[in-house]
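Trainee: My questions all concern the structure below.
The values are calculated or read from the model by the stated rules, or taken from the named source; none is laboratory data. Note that the structure is predicted; figures quoted are calculated from it, not measured. Because the Cβ atoms are built from the backbone with ideal geometry, glycine has one as well, and the counts that use them run over all protein chains shown. Surface areas here come from the heavy atoms of the whole protein model, side chains and all, with no ligands, DNA or RNA. Shrake-Rupley method; radii C 1.70, N 1.55, O 1.52, S 1.80 Å.
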Amino acid sequence: MAENDNMIEYYVDWGNPGFDVKQCLISAESGYAFAQDMMGNCYKYGVYVKKDFAAAVAWFEKAALQGNAAAQRSLGYCYDNGHGVEQNYEKAVYWYIKGAEGGDIDAQQNLAICYEHGFGVEKDLAKAVMWYTEAAEGGHEWAQFNLANHYANGTGVEQNYEKAVEWYTKSAGQGNADAECSLGNCYLSGHGVPQDKARAVELFMSSASKDNSIALFNMGVCCASGDGVPQDFRTAAEWYRQAAEKGSASAKEALGSLYYYGDGVEQDFVRAVMWYSKAAEEGHAEAQCRLAWCYKEGEGVKQDDRQAAVWFMKAAEQGDADAQLSLSNCYYNGKGVEQDYEKAAEWCAKAVQGGSAAAMYNMGNMYKDGKGVIRDYDQAVMMYTRAAEAGDADAMLMLSKLYGKGEGVSQDSAQEIAWCMKAAQAGQPVAQYNMGCYYDGGIGVEQDSVQAVMWFARAAGQGEASAQYNLAYAYEFGRGVEQDDAEAFKWYMEAAGQGNVQAQVQLGRCYEQGRGAVQDLKKAFQWYSKAARQGDVIAQFYMGYCYKNGQGVEQDYEKAVKWYGKAARQGDVDAQYNLAICYKNGQGVEQDYKKALKWYTKAAQQGHAYAQYVTGVFYLKGMGAAQNVETAVKWFQKSAAQEEESAVKALKSLGY
C-alpha cells in the first residue's frame, strides 16, 4: 500500500491470496480507482463481502469515472445484464466503448458482441470484426474464436479459411474447447488447411474431453462414417449418447436414426421415436421431419396422418426442404390435412427454393395438370428441366415422355431418347425398361437385342414387372441372350408375383408344358386363373380349356362355357370356336345350333379355317339358320383357300 497526498494506493488483485479487503476498502474510499474496481468485484462475486450488485455498481462507477478500463467494462456488464441497475443496452455499450478504447480486451470482446447482434447499437458486423480483432490480438481466447468464425463464414469480413484456421489455432492453444472443435471441422473438411481426418479426430477428442457437446457429437459422426477412425456404429452410439446427455439435439436425432436403421444397436422403432421426439421438441428440424415419417408410416408409434402433418409443418416452417415437400404432398393428397392444391403448390414452391429436385419435379406436375396453379406447359417443362439438371431421374423420364408426345414442347424423337437414356443411366427403372423397348424395336435407335436385354435386366433387377416379363420372354426365345428356359421361368415368376398378367399366363404355360419347371397342371391352372380374373383374354381361354378337359382342375363344362364366353366376347377367336362347339354339342349349356352358328361365324370372320368350314356345313344343312348353299360355298371357299382339307372335299362333293 502506498500513499499519494490523501489517496491511499492498494494494488493487490482481489483474486490474489494475499488480498486484504479492509486495506482495499480504505484505498477505495480514498479514491484509488484500482481499489475501487477491486471492491466492485468483491461485491459482484460475493468474495470477502456479501454479494451486493448495487454496491458493486457504485464502486465500478467511481473507478470508471476515473478512466479505469476494467471498471468501465464491468460497469458495462452490469448494465448489459441488469445487475444492480436497470438493464440498459445503450449504457452498456457506452461503457464497453470506454473500456475497449482503454485497452481492456474483455470490453473489446463484449463490445464486438454488441455490434454483432445489435445490442444497444446498430448492428455492424464490420465493427464487430474490428473489435474482435483488437481483443484477439490482445490474447482473448473467445475473441480469437469468434473472429475465426467470422473469417470462416465471411461475415463482416471477406471469407478466408486460412485466417479462420489461424485464429482457431490460437484460441485452441489456450485450451478453448469450442475452438478445438471448430478447428477439427477445418481439418475434417480441408478448409484452410490440408485435409487430415486423423488430426480432426484428435482435436474432437480433446474438445470432447472437456464435455463439449458438439465435439462429442462430431466423434459420433466420425465413428459412424469411418472418418479418421475405423467405422464403428456401436462406438458412434456411445458418443451420441454422451452428446445427447449434454443436450445436443443433433445427437438425439442421430441416436434416433441408429435405432431406426439398427446400426450399432438393435433396431427399435419405439426407441427411435423416443429420441426423434426429444430432438424434435427442442426444435431440431430434421428430427421433426423424421418423427413425421414415423407417424406417417406407423413405425414405433400408432399411424397418424394428422400428427405426421403437424411435425412436417414444424420442420417446414424452419425451412427444411424435405419437410416442405412432404407437407406439400400431405395437402395434395389430403393426408392429415384437408386437401388443398393451392397450399400444396405453395409449400412445394418453398421446397423448390430450398433446392429440392423432387419438389421441382412435383411442381412440374402441378403446372402440367393445373392443380394448385394455372396450367402452364412452359412452366412445367422449365421445372422438369431444372429437376432433371439437378439429377432427378423421374423428371428426366417425364421430359422424355413430353418430347415423345410433343406436349409443351415440339415433338422430338432425339430428345425423347436422350432424356430417357439419362434417366436410365441414373437408375430410373421405367426409363431402363423403355430403353429396352427402344432397342428391342429399333425405335429411335438401331435395333439391338443385346442392348435391349441389358436394359431389361437392369430394370428387372429393380423390380420393374414389365421389364421382368420382357427379360423372361428374351430368355424363352433366345432374343439377345442365349435361350434358357430356367431363366425365363425365374423372371416370369418374378413378374407374375407382382401381378403382371402376361407373365402369369406365360408362367401357366411353363407349368403346363414343363418348360423351366417340373410340369404341374394344377399350378398352371392357378396362374391362368389369376390372369383370367384380371380380364386377360388368353388366360380366360385357357380357363375354359382346362375346365372342359379337366386339366389341372375337375372337369366342369358349365365353367368351361363361362370362361370361353368371357374370352369370346373379348374377340378371342379360339374361344369363339370352342364356345361354338359347346353350343353345338350341348356341353355345359343347352344345345343351341343358332348360338353355335353365331360363334362359328365370329371365329370364321376372324379367319379361323375350320370355323369357316363348319359355318359352311351349318348353312349347307340348315343348322341354326335357313339352308343356303351359296353362303355355304362361300365359307367352304374361304376355308379351302387356307388349305383346310375338309373344305376342299366339301367343295368337290358340291361340284366345285
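Trainee: Shape verdict for the range 328-376, please, from the Cα gyration tensor: rounded (a/c under 1.5), prolate (a/b greater than b/c) or oblate. Please report the intermediate quantities before stating the final value.
Mentor: Working: a/c = 2.04, a/b = 1.18, b/c = 1.72.
Oblate.
Trainee: How much length would be gained if the chain were fully extended between residue 558 and residue 446, taking 0.36 nm per residue of separation minus their Cα-Cα distance, in nm to one decimal? List each step's numbers first, then the result.
Mentor: Numbers: separation 112, 0.36 × 112 = 40.32 nm, distance 5.07 nm.
Residue separation times 0.36 nm, minus the Cα-Cα distance, leaves 35.3 nm.
Trainee: Still on this model: May I ask for the angle, rounded to the nearest 10°, between helix 305-317 and the longest principal axis of the chain, with both axes built from Cα atoms and the value confined to 0 to 90°?
Mentor: 50 degrees
Trainee: Report residue 374's accessible area, 1.4 Å probe, all protein chains in place, as a number in Å² to the nearest 10.
Mentor: About 140 Å², rounded to the nearest 10.
Trainee: What spacing in nm lies between the two simple spin-label points modelled at residue 261 and residue 281, each 7 Å away from Cα in the Cβ direction?
Mentor: 2.6 nm
Trainee: Return the sequence-ordered ³J(HN,Hα) values of the range 89-104 in whole Hz as given by the Karplus equation 6.51 cos²θ - 1.76 cosθ + 1.60 applied to θ = phi - 60°, using x for Gly and Pro.
Mentor: Computed from phi, the couplings for the range 89-104 are 5, 4, 5, 4, 4, 4, 6, 4, 4, 4, x, 5, 5, x, x, 6 Hz.
Trainee: Next question, about the same structure. Ignoring ligands, DNA and RNA, what percent of the accessible area of the range 563-604 is carbon or sulfur (1.4 Å)?
Mentor: Working: 710 of 1840 Å².
The computed percentage sits at 38.
Trainee: What number, in nm² with one decimal, is the all-direction average of the projected area of the convex hull of the alpha-carbon atoms of the range 91-159? Please report the intermediate quantities before stating the final value.
Mentor: On the way: hull surface 15.2 nm².
Taking a quarter of the hull surface, the average projection is 3.8 nm².
Trainee: To the nearest 10 degrees, how steep is helix 521-532 against the longest Cα principal axis of the chain, on a 0 to 90 scale?
Mentor: 70 degrees
Trainee: For helix 465-477, report the angle its Cα long axis makes with the longest principal axis of the Cα atoms of the chain; keep it between 0 and 90° and round to the nearest 10°.
Mentor: The two axes meet at around 50 degrees.
Trainee: Would you tell me the accessible area of residue 47, worked out with a 1.4 angstrom probe on the heavy atoms of the protein chains, in Å² to the nearest 10?
Mentor: 40 Å²
Trainee: Still on this structure, please answer the following. Taking 0.36 nm per intervening residue step and subtracting the Cα-Cα distance, what contour gain separates residue 641 from residue 245 on full extension?
Mentor: 133.5 nm
Trainee: Okay, moving on. Can you give me the convex hull volume of the Cα atoms of the range 164-225, divided per residue and expressed in Å³?
Mentor: Per-residue hull volume (Cα only) is 62 Å³.
Trainee: I've got another one for you. Express in whole angstrom the spacing between the alpha-carbon centres of the range 210-225 and the range 475-504.
Mentor: Result: 51 Å between the Cα centres.
Trainee: Scan around residue 9 for amide H atoms under 5 Å from its own, H built in the peptide plane at 1.01 Å from N, and keep only partners 5 or more places away or cross-chain.
Mentor: 2, 3, 4
Trainee: Debye sum, Cα scatterers, the range 391-525, no solvent: what log₁₀ I/I(0) at q = 0.14, 0.20 1/Å?
Mentor: Taken in order of the listed q values, log10 I(q)/I(0) reads -0.64, -1.03.
Trainee: Sorting 150, 117 by accessible area (1.4 Å probe), largest first, what list results?
Mentor: The residues order as 117, 150, largest area first.
Trainee: Give the calculated FRET efficiency between residue 412 and residue 515 to the nearest 0.05, with a Förster radius of 45 Å applied to their Cβ-Cβ distance. Don't skip to the end; give the middle numbers.
Mentor: Numbers: r = 43 Å, r/R0 = 0.95.
FRET efficiency, residue 412 to residue 515: 0.60.
Trainee: Work out how much length residue 401 to residue 87 would gain on full extension: take 0.36 nm times their residue separation and subtract the Cα-Cα distance, in nm to one decimal.
Mentor: Value of the extension gain: 106.4 nm.
Trainee: Round to the nearest 0.05 the FRET efficiency obtained for residue 225 and residue 50 when R0 = 41 Å and r is the Cβ-Cβ distance.
Mentor: Between residue 225 and residue 50 the formula returns 0.15.
Trainee: For the range 3-45, with only Lys/Arg (+1) and Asp/Glu (-1) charged at the beta-carbon, what is the dipole magnitude about the Cα centre, in debye rounded to 20?
Mentor: Dipole magnitude for the range 3-45 comes out near 220 debye.
Trainee: Let me know the volume per residue of the alpha-carbon convex hull for the range 42-136, in Å³.
Mentor: About 79 Å³ per residue, rounded to a whole number.
Trainee: While we're on this one: With the Cα gyration tensor of the range 594-653 giving a ≥ b ≥ c as the square roots of its eigenvalues, does the rule (a/c under 1.5 for rounded; else a/b larger than b/c for prolate; else oblate) give rounded, prolate or oblate?
Mentor: Oblate, because a/c is 1.5 or more while a/b does not exceed b/c.
Trainee: Under the Karplus relation 6.51 cos²θ - 1.76 cosθ + 1.60, θ = phi - 60°, what is the ordered set of whole-Hz ³J(HN,Hα) values for the range 63-77, x standing for Gly and Pro?
Mentor: With coefficients 6.51, -1.76 and 1.60, one gets 6, 4, 5, 8, x, 6, 4, 5, 5, 4, 4, 5, 5, x, 4 Hz.
Trainee: While we're on this one: Choose one of 444, 433, 391: the residue whose Cα lies farthest towards the positive end of the charge dipole of the range 380-447 (beta-carbon charges +1 Lys, Arg; -1 Asp, Glu; about the Cα centre).
Mentor: 391
Trainee: Going by the alpha-carbon gyration tensor, a ≥ b ≥ c the square roots of its eigenvalues, is the range 246-323 rounded (a/c under 1.5) or, if a/c is not under 1.5, prolate (a/b greater than b/c) versus oblate?
Mentor: oblate
Trainee: Using label points projected 7 Å from each Cα along Cα→Cβ, tell me how many nm separate residue 623 and residue 486, to one decimal.
Mentor: It is 5.0 nm.
Trainee: Please work out the FRET efficiency for the pair residue 498 and residue 587, using the Cβ-Cβ distance as r and a Förster radius of 51 Å; give the result to the nearest 0.05. Don't skip to the answer; put the middle values down first.
Mentor: Values: r = 36 Å, r/R0 = 0.71.
It comes out at approximately 0.90.
Trainee: Find how many whole Å separate the alpha carbon centroid of the range 336-366 from the alpha carbon centroid of the range 132-186.
Mentor: So the two Cα centres are separated by 40 Å.
Trainee: Note down the accessible area of residue 479, probe 1.4 Å, to the nearest 10 Å².
Mentor: We get 100 Å² for residue 479.
Trainee: Rounded to the nearest Å, what's the spacing between the alpha carbon centres of the range 287-326 and the range 1-64? Just the number, please.
Mentor: Result: 59 Å between the Cα centres.
Trainee: OK, next. Over all alpha-carbon pairs of the range 272-312, lay out the pair-distance distribution in 10 Å bins, whole %, shortest bin first.
Mentor: Percent of Cα pairs in each bin: 40, 57, 3.
Trainee: Which three lengths, in whole Å and largest first, does the range 528-644 cover when its Cα atoms are put on their principal axes?
Mentor: 45, 27, 20
Trainee: Okay, moving on. Accessible area per residue for the chain in Å², computed with a 1.4 Å probe and the full protein assembly in place, what is it?
Mentor: Per-residue accessible area for the chain comes out at 47 Å².
Trainee: Along the principal axes of its C-alpha atoms, what lengths does the range 120-279 span, in descending order and rounded to whole Å?
Mentor: 52, 37, 25
Trainee: Among all the lysines, which ones have a C-alpha under 19 Å from residue 51's C-alpha, if same-chain residues fewer than 8 places away are not counted?
Mentor: Leaving aside lysines fewer than 8 places away in the same chain, those within reach of residue 51 are 22, 62.
Trainee: Would you pull out the residues with amide H under 5 Å of residue 464's amide H, same chain only if 5 or more places away, H placed 1.01 Å from N?
Mentor: none
Trainee: Step through the residues of the range 19-35 one at a time and calculate ³J(HN,Hα) from phi using the Karplus curve (6.51 cos²θ - 1.76 cosθ + 1.60, θ = phi - 60°), rounding each to whole Hz and writing x for Gly and Pro.
Mentor: Residue by residue, the range 19-35 yields 5, 10, 5, 5, 5, 5, 4, 4, 5, 4, 5, 7, x, 6, 4, 4, 5 Hz.
Trainee: Moving to a separate point now. For the range 542-607, what is the convex hull volume of its Cα atoms per residue in Å³?
Mentor: About 63 Å³ per residue, rounded to a whole number.
Trainee: So what does the Cα-only Debye profile of the range 189-312 read at q = 0.12, 0.15, 0.18, 0.19 Å⁻¹, as log10 I(q)/I(0), no solvent term?
Mentor: Values, matching the q order: -0.46, -0.68, -0.88, -0.95.
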